Structure formats: structure tokens, C-alpha cells
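Here the structure comes first, spelled out in C-alpha cells, and everything after it is commentary.
The values are calculated or read from the model by the stated rules, or taken from the named source; none is laboratory data. Computed from a predicted structure; not experimentally measured. Cβ: placed from backbone, ideal geometry, glycine included. Neighbour counts: every protein chain shown. When the accessible area is computed, the model is the full protein with side chains, heavy atoms only, and any ligands, DNA or RNA have been set aside. Shrake-Rupley method; radii C 1.70, N 1.55, O 1.52, S 1.80 Å.
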Amino acid sequence: MASGDGYRERIASALAALGLPLELPKQRRLSLFREAQRLAPVGLGTDGRDKLLTPVAARAWLAMHRHAAAEGVDLRLVSAFRSVDFQTALIRAKLDRGDALDAILRVNAPPGYSEHHSGRAVDIGTTDCPALDEAFEATAAFRWLQSRAESFGFRMSYPRNNPQGFLYEPWHWCYAKRG
């Protein structure tokens, strides 16, 4: 990340606006993710809105989705790219409805520290399981991802007891190849 471009200051401001300590990301061993600048549409998500990924992650997702479908496996895109502003608003809405900050931060990364900012992360669902539910691990879609996602460049980011302190997210996969 280029120094002096104001991104770190923007993130520090977002953290402060949410009342998050600036040392939180370091304490949690979170990586700073720059917002993707080039994004490509990958279709509608389960919420009916267009989802975006970086061009290379988009190609990989579409290929993986196509292969899964050809093998009779239903992969549904729940979430993809999220801006820092969206992440800030998401956390703010949860705080405003009275959710405890510690509970929010076990599910949502602080602004600037979400893999979704990179445009390479996807939350995946399937028709036979509620979205963003640990029960996803018992689905055919999850079993397929465990055995095949890596060949498309995706890895599960938050296994059980992950060092970042997030809840187990069998639905969250990130494109890890560069290019």
C-alpha cells in the first residue's frame, strides 16, 4: 500500500467513529486490506443485488460455480466485495440496534480489515441451508468446496479456532492466487 495516500488515515477515522481502539487490529492479528479498484460483475447474490469481485477472482468464481453446477452442486453467492464505507455502516447498524461490540467483531471485521474489501472474498450458500449459518458445513456444497475449491484458487479463511478470533465461517472463502 502506498504511503501517504490517506488510506490508513481513512481506516483510523472509521475505527474511531465506531469507538474501536486503534490497536485492535494488531491485537487480533488482522491484515489490512486495500479496497479493490477494478471490479467485475459476477451475477446476482441471494439478496438480488449485483455482486462484484476483482477480475481474476471473478473468473475463478465463475469457473468454480460452473464446475460445481456441472457436478450437481448448488453454490449460491451471498456476499462478495464490500467497501470500507459499507463495512462501517454494517457495524454501525448492529451497534445502533444494541448488539454488543465484542459479538459483532467475532462476525464482522473492523473497517479496513475485511477480506471482502479486497474483492477476492465470497460468502457462499446453498438452497438447503440458511445463509451464513454454521450448518453449511453439513451440506454437499461445503463438502465439494473442501475437496475442489483449492483447485480454483479459493481457501476457507476462518476455520475453527482461527488466530484472528472470528467465529468459524465455513461459508467464507477467499481467492488466494495472485494474478
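Here are a few things to note about the model shown:
- Considering region 69-122, the residues that are among the acidic types (Asp, Glu) and outside any helix (DSSP H, G or I) include one that is farthest from ILE11 (Cα to Cα), namely GLU71.
- ASP96 closer than 23 Å to PHE166 by Cβ, exposed (fewer than 14 other Cβ atoms within 10 Å of the Cβ), within 20 Å of the chain's Cα centre (by Cα) and at pLDDT 95 or above: no
- Within region 53-62, the set of residues being buried (at least 19 other Cβ atoms within 10 Å of the Cβ) and not in a loop (DSSP other than H, G, I, E, B) comprises LEU53, ALA57, ALA58, ALA60, TRP61.
- For region 106-136, the set of residues classified as open to solvent by 10 Å² or more (accessible area, probe 1.4 Å) and more than 12 Å from the chain's Cα centre (by Cα) consists of ARG106, THR126, THR127, ASP128, CYS129, PRO130, ALA131, ASP133, GLU134, ALA135, listed by residue number.
- Residues that are within 30 Å of LYS26 (Cα to Cα), of a type in the set (S, T, N, Q) and either surrounded by 21 or more Cβ atoms within 10 Å (Cβ to Cβ) or in contact with a Ser or Thr (Cβ under 8 Å, 6 or more places away or on another chain) (or both), drawn from region 137-173: none
One line per residue, one yes/no per condition, for (1) open to solvent by 60 Å² or more (accessible area, probe 1.4 Å); (2) touching a residue at least 60 places away in the same chain (Cβ under 8 Å):
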| residue | (1), (2) |
| --- | --- |
| ALA12 | no, no |
| GLU23 | yes, no |
| ARG49 | yes, no |
| THR88 | no, yes |
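- Some residue of region 14-21 being at pLDDT 95 or above, assigned to a helix (DSSP H, G or I), surrounded by 14 or more Cβ atoms within 10 Å (Cβ to Cβ) and not acidic (Asp, Glu): yes
- Qualifying residue in region 162-175 (condition: in contact with a Gly (Cβ under 8 Å, 6 or more places away or on another chain) and modelled with pLDDT under 95): no
- Candidate set: region 25-47, residues that are in contact with a strand residue (DSSP E or B) (Cβ under 7 Å, 6 or more places away or on another chain) and not in a loop (DSSP other than H, G, I, E, B); chosen: the one most open to solvent (accessible area, probe 1.4 Å): LEU44
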